[in-house]
1. Only one of Val283, Val318 is among the aliphatic types (A, V, I, L, M) and farther than 24 Å from Glu191 by Cβ. Can you tell me which?
2. May I ask you to say which residue of Leu202, Leu270 is in contact with a Lys or Arg (Cβ under 9 Å, 6 or more places away or on another chain), assigned by TED's automatic domain parsing to the domain that holds Pro296 and within 30 Å of Pro296 (Cα to Cα)?
3. Could you count how many residues in segment 262-295 are part of a loop (DSSP other than H, G, I, E, B) and without any contact (Cβ under 8 Å) to a residue 24 or more places away in the chain?
4. Restricting the search to segment 88-123, which residues are assigned to a strand (DSSP E or B) and either surrounded by 18 or more Cβ atoms within 10 Å (Cβ to Cβ) or small (Gly, Ala, Ser) (or both)?
5. Might you check whether a residue that is within 17 Å of the chain's Cα centre (by Cα) and at pLDDT 90 or above occurs anywhere in segment 131-149?
6. Being among the hydrophobic types (A, V, I, L, M, F, W, C), assigned to a strand (DSSP E or B) and under 19 Å from Asn300 (Cα atoms) is the filter here; which residues of segment 335-363 pass it?
7. Among the residues of segment 230-242, write down those that are surrounded by 23 or more Cβ atoms within 10 Å (Cβ to Cβ) and outside any loop (DSSP other than H, G, I, E, B).
Amino acid sequence: MYVRFKKRSRLILLPLVSVLIFTVALNFWAHQNPARIDLTSGHVYTPDSNALAVVGGLTKAINITFFYDVRSRAMQDARYLLEYYAQLSPFINLSAHDPVLEPAIAELHQVKFAGTAIFESDGRRVRLEQLDEVQFLNALIRVSSDAAGLVCFTDGHIESNPFSFQSHDHIENEDHGHDHSFGGRPLTLHERHGMGMAKNALETMGYKVEQRLLLGGPNALAGCSIAVVASPQAAFSEREGAQLDTYLRNGGHGLFMLEPFIESGLDELLETYGIAVSLTRIVDSKNYYWTDPGTPAVTNYERHRLTRNLPLSFFPGVAEIKPAAKGIPNDVSIAPLINTSEDSVIANQDESQARSRTIMALASREMSAGRIIVIGDGDFSTNSFFGALGNGQLFLNSVSELLDQNKLVDVVPRNYELGTMRLSNIQLKSVFVITIVVIPFSLAMIGLLIWRGRR
């Protein structure tokens, strides 16, 4: 009896042990060979082909520090996506933290809230507050790209200086000593009207920044990937305007940030793109920043990848971008990027002339590879306002749009979708007849036949 029980026990335990061994081996194999089956209708968990190409093409180490809230489903999904990228590429090193549970690490990275991702590689640093596939991939591209381009700021016209004065202070340290630990974070102070913060951000993204004097010769912009005209207070000469025009016709790009009330001397150049800039500022009585109607604020942008997921931006004294008096040339295409509200007017105009007005536009010529972005204000990107809301990101997006339009990816976001069935009117009638008439009648006839057979 005991022998028979022992044999029976072995027969029972052997399949259980086999299943256990198979399960452990299967889990180990799945961990070493990451794959997933996406059953969502919106393919939420299926990376785009562009994403696979970007992640698979990485050749240098990238450290990603992600701060998330463990209670948030959206942030958990973002963490899963980053973990999947880390599994696909040996160059991605991911660490995820909850800033509430690990405040020391959050303080070290100067993070106060969940929903922040920091990408770092070779001294470059990109910080994200938007957690989606497009932002992650473009951050990977920006932080891993070598020599993204040379950004040349024009000089000699009292422009906002990218090499403006900045001081290094440690006033936030309790002992006021020279301590760079997370307990005594350094504080960098910038000259208000300069563009030192913009320069630092460009260099962090991999761009080189220089200043160029257009009077230095016919090749003053040689090697420049983009020419930035930042709030000139004195007019460009005719010869300087011709140099900029030649540079643009030879495939260069231009970011023109002009100011109201200032004669820039670039009217003829902008006219070749069909653009004119008003000399008077816009007053927006509906959407404005703080208490100044002369500082229009914008949250509803035109549909363009440059303004995608961009928070509120504001413009302290902005001119209107409008068609040139001679009209728009046939070989030029213009895309308005930012408009004011419908209640905006030119200063000192009657309210009856209120309408939405363009303050930022992208223009290109068919016969030239060069493109330009014209903004009726440059103060928004100075040190005073660069770090506020979406202003700094708008400036960086403008540079990236002009230089990296074929480099950054544009992936269609995927979302959860409820399962739905859409039927035509004929299909609805057919479903009604089958479910309400045919099936009940058939069951009744079958029951009647069975009853008669048993009688």
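The values are calculated or read from the model by the stated rules, or taken from the named source; none is laboratory data. None of these values were measured; they are calculated from a predicted model. Virtual Cβ from ideal backbone geometry, glycine too; neighbours counted across all protein chains shown.
1. On inspection, the qualifying residue turns out to be Val283.
2. Leu202
3. Of the residues in segment 262-295, 4 are part of a loop (DSSP other than H, G, I, E, B) and without any contact (Cβ under 8 Å) to a residue 24 or more places away in the chain.
4. Passing the criteria: Ile92, Ser95, Ala96, His97, Thr116, Ala117, Ile118, Phe119, Glu120, Ser121.
5. no
6. Ala335, Leu337, Ile338, Val345, Ile359, Met360, Ala361, Leu362
7. Within segment 230-242, Ala230 is the sole residue that qualifies.
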